């Protein structure tokens, strides 16, 4: 099968400026998909943007760290930080709790269902799941997420592992690349999960630009697009937006670079159509029975 590429913007619902950028990119054909944060500060605005761009596939960006839950806090105590109200404030805190067995899988499933169903009640046909900070790299998170996906009728999930060919481009700093290579050891366990192995939940061959997060400039995006394999299905993960006053009130390391990513996508993706080796641009809803893995 010729190459297929999903262009997914994360953090839909984070701020009106992020939503505006996603709407502009969707209108320009520079993204095919976005993942919406159920408890994002600009959730309602994101729903309106999604409804205005019906061709844009919208998934659920499951948040389990650095945010607030949709479920009543008393129903998911193992997921909460010291305040007993919000999630643990950092990925490090989350991973320590996961390592020491303090996170209950049934509570992950409960909160994931709550987040998915909030989108569905708002009229969003949820195409797939992914996670903030890629927490479903770990089987103890992927397992309950897949259960939640089946319960809610969601048929696809991000493959959170970056392919070796993409890592070989040496994008991003060496610490991030080293961490991604270390996490790659978990990939066989992800692929053996029942829903993935059986094809009940579809995924891709991997997600590119994870190592380039926060550094995805036009030259780096061009390098990725030039090296895409001739076959298979990949997702390109991006974080476009506007670095405005609303973003000033959000805890995020991605600020000015959101505008760099937006401009890179606008400049390069529409040009793909003129290339003989252009991948077919699809959304997660188009994976179908021939989606990889």
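For the ranges 22-33, 259-270, 72-83, what's the packing order if you count other beta-carbon atoms within 10 Å of each residue, average per peptide, and put the highest first?
On the way: 22-33: 22.2, 259-270: 19.1, 72-83: 13.8.
Listed from highest to lowest mean packing, they are 22-33, 259-270, 72-83.
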**Report entry** Paramagnetic reach from residue 276 in segment 187-230 [backbone N under 19 Å; point 7 Å along Cα→Cβ]
**Finding:** 225-230
Query raised in the report: Using just the C-alpha positions of segment 129-179 as equal point scatterers, what log10 of I(q)/I(0) does the Debye formula give at each q in 0.17 1/Å?
Result: -0.62
Requested in this report: Could you work out how far the C-alpha centroid of segment 1-70 sits from that of segment 112-175, in angstrom?
Outcome: 13
Report summary line: Ranked output for segments 133-146, 221-234 by mean other Cβ atoms within 10 Å, highest leading, reads 133-146, 221-234
Query raised in the report: Given a cut-off of 18 Å, what percent of all Cα-Cα pairs of segment 154-266 lie beyond it?
Result: 56
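First measure r as the distance between the Cβ atoms of residue 133 and residue 100, then evaluate 1/(1 + (r/R0)^6) with R0 = 30 Å and state the FRET efficiency to the nearest 0.05.
Values: r = 18 Å, r/R0 = 0.61.
The formula returns an efficiency of 0.95 here.
Would you mind calculating the gained length between residue 175 and residue 217 on full extension (0.36 nm times residue separation, minus the Cα-Cα distance), in nm to one decimal?
Working: separation 42, 0.36 × 42 = 15.12 nm, distance 1.89 nm.
Fully extending the segment from residue 175 to residue 217 adds 13.2 nm.
Once you order the gyration tensor axes a ≥ b ≥ c over the Cα atoms, which shape class does the chain get: rounded for a/c under 1.5, otherwise prolate or oblate by comparing a/b with b/c? Please report the intermediate quantities before stating the final value.
Working: a/c = 1.40, a/b = 1.24, b/c = 1.13.
Rounded.
Sort 248-258, 151-161, 45-55 by the packing proxy (mean of other Cβ within 10 Å over each peptide's residues), most packed first.
On the way: 248-258: 14.1, 151-161: 21.7, 45-55: 17.4.
Ranking, from highest mean packing down: 151-161, 45-55, 248-258.
Each value in this text was obtained by applying a stated rule to the coordinates, not by laboratory testing. Note that the structure is a prediction, hence the values are computed from the model and not measured. Here the Cβ is made from the backbone with ideal geometry for all residues, glycine too, and neighbour counts use every protein chain on show.
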